[in-house]
Amino acid sequence: MSWTVSKAIPYTACVLLGLLFIVLTRKWKTQMKWVSITVKSLLFITPFTLYFAFYPIYVGDFSNNGVKTATNLEFPESKSVTVIVLPNCPYCYQSLSLMMKLKKRNPTISISYWVATSDTIPEKTAILRVMPKEFKAIQQHETKAISELTKGTFPCFVISNNKKAVKIWNNNQFGVRALDEIESFFN
């Protein structure tokens, strides 16, 4: 199942559950019609609202606003996903679990992490200590070129082919449709 469908199913199910509540209470009548309409409206929106409260939809969740890019940076391997991160960025840490899910669904995808830092001591790069062994971790010292590529937004997700960047997404643009595009890029 695609990432997009997997993300949309619970929201759709909540709307359908709300409609079911309306159908089950359609014979319920009160002398004040506005009370009936208010109660039924609340029954309709409650499942979706509760689910949304725990699992909100963010701006980039259903978008795919990645851009094709040109850079002088040389990326690893023929086809790969490279995640460009900062050493102590909390959003960069969160990308690890998402990339683990992607790797689990597609074991043949090559995923590497570039830690953009001018520091040459790996022990000071905290994200390297928690990096799963499935990923290649590289300290990238070309911080100026990386900054130009990412436009200062981290993490950035790059798909590359023949050592050239094909498409890049920043954290706000990277949603389920981008994940679907990555999977189709490798298939």
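The values are calculated or read from the model by the stated rules, or taken from the named source; none is laboratory data. Computed from a predicted model, the values in this text were never measured in an experiment. With ideal geometry, Cβ positions are generated from the backbone for all residues, glycine too; neighbour counts draw on all protein chains shown. Ligands, DNA and RNA are stripped out before the accessible areas are found, and what is left, the full protein with its side chains, is counted by its heavy atoms. Shrake-Rupley method; radii C 1.70, N 1.55, O 1.52, S 1.80 Å.
Quick check: anything in segment 168-181 touching a helix residue (DSSP H, G or I) at 6+ places or on another chain (Cβ under 9 Å) and among the charged types (D, E, K, R)? Yes, that holds for at least one residue. For the subset of segment 1-41 comprising residues that are modelled with pLDDT of 90 or more, more than 19 Å from Gly175 (Cα to Cα) and not β-branched (Val, Ile, Thr), which member is most open to solvent (accessible area, probe 1.4 Å)? The qualifying residue most open to solvent (accessible area, probe 1.4 Å) is Leu16. For segment 102-131, the tally of residues that are modelled with pLDDT of 90 or more, surrounded by fewer than 17 Cβ atoms within 10 Å (Cβ to Cβ) and within 18 Å of Pro90 (Cα to Cα) stands at 0. Taking the criterion of being at pLDDT below 90 and farther than 9 Å from Asn64 by Cα, the residues of segment 171-187 that qualify are Asn171, Asn172, Phe186, Asn187.
Taking the criterion of being under 20 Å from Arg177 (Cα atoms) and out of contact with any Pro (no Cβ under 8 Å at 6 or more places or on another chain), the residues of segment 14-66 that qualify are Phe52, Pro56, Ile57, Tyr58, Val59, Gly60, Asp61, Phe62, Ser63, Asn64, Asn65, Gly66.
Counting the residues of segment 167-187 that are under 17 Å from Ser80 (Cα atoms) and under 18 Å from the mean Cα position of the chain (by Cα) gives 14.
Those helices (runs of 4 or more DSSP H) of segment 125-187 in which 3 or more residues are free of Cβ contacts under 8 Å to residues at least 12 places away in the same chain and of a type in the set (S, T, N, Q) are absent. Screening Ser63 on (1) of a type outside the set (Lys, Arg); (2) under 24 Å from Lys144 (Cβ atoms); (3) under 16 Å from the mean Cα position of the chain (by Cα) shows it passes everything except condition (2).
Return yes or no: is Phe44 open to solvent by 60 Å² or more (accessible area, probe 1.4 Å), assigned to a helix (DSSP H, G or I) and more than 15 Å from Ala8 (Cα to Cα)? In short, yes.
For segment 141-162, enumerate the residues that are polar (S, T, N, Q) and crowded, with 17+ Cβ neighbours inside 10 Å. Step through it out loud before you land on a result.
So in segment 141-162, the residues polar (S, T, N, Q) come out as 143, 147, 150, 153, 160-162.
Those that are polar (S, T, N, Q) and crowded, with 17+ Cβ neighbours inside 10 Å: Thr150, Ser160.
Evaluate segment 98-120: report whether one residue or more is of a type in the set (Phe, Trp, Tyr) and touching a residue at least 40 places away in the same chain (Cβ under 8 Å). No: segment 98-120 contains no residue that is of a type in the set (Phe, Trp, Tyr) and touching a residue at least 40 places away in the same chain (Cβ under 8 Å). Filtered by the rule that a residue be surrounded by 11 or more Cβ atoms within 10 Å (Cβ to Cβ) and among the basic types (Lys, Arg), segment 47-89 gives a lone residue, Lys79. Does any residue of segment 97-115 turn out to be of a type outside the set (Gly, Ala, Ser), in a helix (DSSP H, G or I) and more than 21 Å from Phe185 (Cα to Cα)? Within segment 97-115, none of the residues are of a type outside the set (Gly, Ala, Ser), in a helix (DSSP H, G or I) and more than 21 Å from Phe185 (Cα to Cα).
Residues that are of a type in the set (Gly, Ala, Ser) and either touching a His at 6+ places or on another chain (Cβ under 9 Å) or open to solvent by less than 10 Å² (accessible area, probe 1.4 Å) (or both) within segment 90-101 comprise just one, Ser95.
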